[in-house]
Amino acid sequence: MVSRGRAGSVSYREDRPVCLRAVVLCDSLAVNGAPRAGAGVMELDKMEEKDWKYHGEGNKSLVVSHVQLSRVLRLLKYPAEDSENPPQTVEQAFRQIQNIVDFSSNVMSSLLGDKFIHSGEVVKLPLEFVRQLSIKVQHQRPAWRCDKVMDIYSGCALCLPNLTSPALHQTTHTPPLCIEIKPKCGFLPSSKHVSKDIKTKVCRFCMHQHYKVANGKWKRRSLYCPLDLFSGNRQRMHFAIRHLIEEPQNNLKIFKGGQCVYSSKEGSDESTDLNSLLHHLRPYFLYGNNRINSHMTCKAVLNDFIQVLVNALLSAGGGGGGVVTDRRGEGRSFCEASLFNKERIRHGSQGLPSDSVLFRILQTQMLDTLDIEGLFPLYRRVEQHLQDFPKERTRLQMDGPYNEAFLEKLQKCPAEDDGSVEYAAAKVHQYRVSMTTKDCSIMVALVPSSEEEEDDEGLSSPRRLRDFLSSSRPPAFSYCVSILDLDPKPLDSIPRQLRLDQKIVSCYLRTGGALPRVSLLQPHAAIFCSSSAERESDCTLHFKPL
C-alpha cells in the first residue's frame with residue numbers, strides 16, 4: 001500500500017537576519033510560528049569545534065555535521081594558493097551563499113516543488129570557531145581534495161538539515177536508512193543543432209563513462225543508465241538501481257544513522273563491499289519466520305530494498321498526481337547503450353506520476369531544448385552584448401538576483417529566436433537551471449515503522465506474499481524524499497561544457513563499440529543475475545507518510 005502523500009518537510013523563514021544568536025534546528029517543527037518544546041537550538045556565540053565532524057565536500061564547498069543534532073554547515077572553499085589572501089570579501093562571500101539560498105527558494109522550489117526543497121539559511125559564524133574547525137577536519141579530508149582550502153576569513157556558512165540523519169519521529173530503535181542518488185540527465189536531445197547523431201541514440205551519462213574510464217577517473221565503467229531510472233517502468237527502474245549498487249561511483253551513497261555505509265572512492269581499485277551492505281540491510285527486511293530464523297537470501301534482501309526505493313521514487317508528493325506517459329517518442333526513451341532488453345517489458349506503460357520527484361526533475365532538465373551546441377551561439381550573443389554594454393549585466397540578471405523576475409524571464413521565454421539579447425539571455429538562464437537539475441541529488445530517507453504503529457494506523461490486513469508465510473507481514477517504512485545540490489551554475493561554465501561535450505562524444509565514437517560489456521561487471525554481480533532480479537517483486541511493502 002503506497003501512500004500518495006509525501007512526508008512533511010520543514011520550511012524555513014528566509015526573512016531572518018544573517019547575524020543570528022541562535023538557529024532553530026530542522027527538527028523543531030513550528031507550531032503557530034514558534035518552535036516546538038524540546039527543539040534543539042544552536043547557539044552561534046557558543047559554538048565549539050568538538051561538536052562538529054567532517055561530513056564531506058564537493059568542488060566548491062566543505063560540509064561538517066553536528067555530532068548530536070540533525071544539522072550541517074556548508075562552508076566555501078577556494079584554491080590553496082589563495083590561503084593567505086582570500087579571493088573575496090566578507091560581503092562577497094555572504095552574497096555568494098545568499099544567492100544559493102535565493103536560487104533554491106525562489107527558482108528551484110517553484111520548478112521542482114517546495115515539498116522537496118530545503119533551502120537553508122546563511123549564518124555568520126565566530127571566526128575562531130571556523131579556524132579551529134578547519135584544523136580539526138583537515139586530516140580527515142581526501143588527499144585529492146586538498147588542492148583547495150576552507151574559507152576561514154568570512155565566517156559565512158550555509159546552515160541546512162542533515163538529510164543523512166533526519167530528525168524523524170520513530171518508535172523503533174532501528175536507525176533510519178538514507179539513500180542518496182545522483183540521477184543525472186534523463187532524456188536524449190532532439191535539437192536540430194546536434195551535430196553528431198550518436199547523441200540522439202546514446203545518453204550523455206553512458207558516453208561519459210567511457211571518457212572517465214579512459215582518463216583514469218574510474219577503474220570500471222558503470223552500467224547504470226539514467227533513461228532506465230526516469231522511465232517510470234518498474235522493471236527498468238529496478239534494473240537501473242541494480243547497476244547503481246554494482247558500481248556506485250559518485251552516483252549512489254547509502255547511509256545508516258548518518259554514517260555512510262556504502263559508496264565508491266574515486267580512482268580506487270577496490271571493489272565495493274556488497275556483503276557489508278547486505279549486513280546493514282538485512283535487519284530492515286526480515287519479517288515473519290525470517291525474523292526468527294534470520295534467514296533471507298542475499299537476492300531477496302536486495303530485491304526488497306530496491307523495490308522500496310522504487311516505490312519512494314514513484315510516490316506522488318502532493319497527492320492526486322496522475323501518471324504522465326512518455327511524450328518523447330518510443331525510440332527516444334531508450335538509450336542504445338543500456339543493457340536493458342526492451343522485449344522484457346511485460347506490462348505497464350512508460351511514464352512517471354506527475355507529482356513524483358523524478359518527474360519534476362525531468363521536466364526541469366528538459367528546459368534545455370537546444371543542447372549545448374545550440375545554446376553556445378546564444379551565449380556568445382549575450383557575452384558580446386555585455387562587452388559592449390557592461391551595465392546590462394544587472395538588467396539581464398546574469399548573476400542574479402534570483403527572484404521572481406528571474407523566474408519569469410526563463411518561464412516566459414519566446415518559442416522562436418527573435419534575434420534579441422533578451423531571448424538569448426532567457427535561453428541561457430533555462431540552460432543553467434537545466435544543468436543544475438542534471439547534477440542534483442535525491443535523498444530518500446526510510447524509517448522502519450513498528451508493528452504497533454501499523455496497528456494504530458489501521459493498516460489493511462496482512463497480504464499473502466510469495467515465498468513467505470501467509471501470516472507474515474511485510475515491513476512498513478515511513479519515508480521522506482528531498483532534492484539537494486541545487487546551486488546555480490556559473491555563466492562562465494558554458495564554454496567548458498561545450499568543450500567537455502565534444503571530448504565525450506569524440507571519445508565514445510573512438511572507443512564505445514570496442515569496450516566489452518560483460519567483462520566490466522563487478523565480481524558480485526552474480527548475486528543479481530536471476531530472472532527474478534529485474535522483475536517487479538511480489539512483496540508489497542507498506543509506505544506511510546511521516
Next item on the list: Please state which one of Gly232, Gly216, Gly186 is modelled with pLDDT under 95, assigned to a loop (DSSP other than H, G, I, E, B), closer than 22 Å to Ile442 by Cα and of a type outside the set (Phe, Trp, Tyr).
Entry: Gly232
Note to self: The conditions are (1) touching a helix residue (DSSP H, G or I) at 6+ places or on another chain (Cβ under 9 Å); (2) open to solvent by 40 Å² or more (accessible area, probe 1.4 Å); (3) over 26 Å from Met435 (Cα atoms), and Ser110 fails exactly one of them. Which is it?
What the structure shows: (3)
Next item on the list: Please report, ordered by residue number, the helices (runs of 4 or more DSSP H) entirely within region 364-412 with at least 3 residues that are under 18 Å from Asp492 (Cα atoms) and open to solvent by 40 Å² or more (accessible area, probe 1.4 Å).
Entry: 371-388, 392-395
Note to self: Quick check on region 317-324. Is at least one of its residues modelled with pLDDT of 55 or more and at negative phi?
What the structure shows: no
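Only one residue in Leu375, Leu410 is aliphatic (A, V, I, L, M) and modelled with pLDDT of 95 or more, so which one is that?
Values: Leu410 fails: modelled with pLDDT of 95 or more.
From the options Leu375, Leu410, the qualifying one is Leu375.
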Note to self: Tell me yes or no: at least one residue of region 286-295 is modelled with pLDDT under 95 and either within 27 Å of Trp144 (Cβ to Cβ) or touching a helix residue (DSSP H, G or I) at 6+ places or on another chain (Cβ under 7 Å) (or both).
What the structure shows: no
Margin query: Give me the residue from region 478-501 that is of a type in the set (Asp, Glu) and in contact (Cβ under 8 Å) with a residue 40 or more places away in the chain and, out of that set, most open to solvent (accessible area, probe 1.4 Å).
Written below: Asp485
Item checked: Failed condition for Glu457, given (1) of a type in the set (Asp, Glu); (2) at pLDDT below 95; (3) within 29 Å of Cys260 (Cα to Cα) -> (3)
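The values are calculated or read from the model by the stated rules, or taken from the named source; none is laboratory data. Keep in mind the model is a prediction, meaning the values are calculated, not measured. Note that each Cβ is placed from the backbone with ideal geometry, even for glycine, and that neighbours are counted across all protein chains shown. Just so you know, the surface numbers come from the protein's heavy atoms only, side chains and all, with ligands and any DNA or RNA stripped out. Shrake-Rupley method; radii C 1.70, N 1.55, O 1.52, S 1.80 Å.
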